[in-house]
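K.L.:
So that we are looking at the same thing, I have put the structure below in structure tokens.
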Amino acid sequence: MDNIGIAYNADKSWPVANVTSGECYGGCGTGGFLSEGDEYIQSISQQVTVSLHGQELNPESYAICKADMLIKGQDVTNIKLGNTLSDDQLADNRFDFMLSPPFGVEWKKVQKQITDEHSEKGFNGRFGPGLPRVSDGSLLFLLHLVSKMRDPREGGSRIGIILNGSPLFTGVPARASRRFVATCCRTI
């Protein structure tokens, strides 16, 4: 699959069309962000082919997502069921666009898997910069998305994520992760 080619507006804000094909990824929930992302990309170029990918923890939301996508004629091959933080089923993938709704739930149930990945893989894993409080998984999910970014020499990636202020401004343990995101990614 070809990478998405990006041409920026004069103010270098959200990209405008120069798209041939690409991949869009998100924590899928019921699929709303994925479908809206697909519709937006299609609206800027009728020539684009988008491949949608996502993973959802909740079986009911996962089923709704797949059903909705099937009704819309979208391919559901890359929609996975499972915990994204403890069992990344799209581990080897890198994406052009990534979208994420708020994700601030406690991660205590998967603390061992996440702590093990952090200790064993360091910066070769998703959570190398550090771990936030167990009560807030938002920063973990942001680090997960950052790990799926394409290299800038391959066209880079765009991430749209909604966060409350807590993962960005609080907690000493998360300071290294915030610094990592701020220095390795161009933020808007």
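K.L.:
Which pairs, out of LYS80/LYS109; LYS121/LYS148; LYS72/LYS148, put more than 23 Å between their alpha-carbon atoms?
P.N.:
LYS72/LYS148
K.L.:
Give the peptides 151-163, 45-57 in descending order of average Cβ contacts within 10 Å, highest first.
P.N.:
Per-residue Cβ counts within 10 Å, averaged per peptide and sorted highest first, yield 45-57, 151-163.
K.L.:
Using the Karplus curve 6.51 cos²θ - 1.76 cosθ + 1.60 with θ = phi - 60°, work out ³J(HN,Hα) for each residue of the range 55-70 in order, rounded to whole Hz, and write x for Gly and Pro.
P.N.:
Here the 3J(HN,Hα) series is 9, 10, 7, 7, x, 5, 5, 4, 5, 5, 4, 5, 5, 4, 5, 4 Hz.
K.L.:
Suppose the Debye formula is applied to equal point scatterers at every Cα of the range 93-151; what is log10 I(q)/I(0) at q = 0.17, 0.29 Å⁻¹?
P.N.:
At q = 0.17, 0.29 Å⁻¹ the computed log10 ratios are -0.56, -1.24.
K.L.:
Taking the Cα centre of the range 126-166 as origin, sum charge times position over the Cβ atoms of Lys and Arg (+1) and Asp and Glu (-1), and report the length of that vector in debye to the nearest 20.
P.N.:
Dipole size: approximately 80 debye.
K.L.:
With r defined as the distance between the Cβ atoms of ILE162 and PHE123 and R0 fixed at 30 Å, what FRET efficiency is calculated, to the nearest 0.05?
P.N.:
Efficiency for this residue pair is about 0.70.
K.L.:
Evaluate E = 1/(1 + (r/R0)^6) for THR115 and GLU60, where r is the Cβ-Cβ distance and R0 equals 30 Å; express this FRET efficiency to the nearest 0.05.
P.N.:
For R0 = 30 Å, the calculated efficiency reads 0.55.
K.L.:
For ASP75 and GLU106 in the same chain, what is the full-extension length gain: residue separation times 0.36 nm, less their Cα-Cα distance, in nm?
P.N.:
8.0 nm
K.L.:
Taking the Cα centre of the range 82-147 as origin and charging only Cβ (+1 Lys, Arg; -1 Asp, Glu), how large is the dipole, in debye to the nearest 20?
P.N.:
Dipole size: approximately 180 debye.
K.L.:
Then there's this: Fewest to most neighbouring Cβ within 10 Å: what's the order for SER135, SER86?
P.N.:
Fewest to most other Cβ atoms nearby, the residues stand as SER135, SER86.
Where a number appears in this text, it was derived from the coordinates with a stated rule and is not lab data. Remember, it's a predicted structure, so these values are computed and weren't measured experimentally. Here the Cβ is made from the backbone with ideal geometry for all residues, glycine too, and neighbour counts use every protein chain on show.
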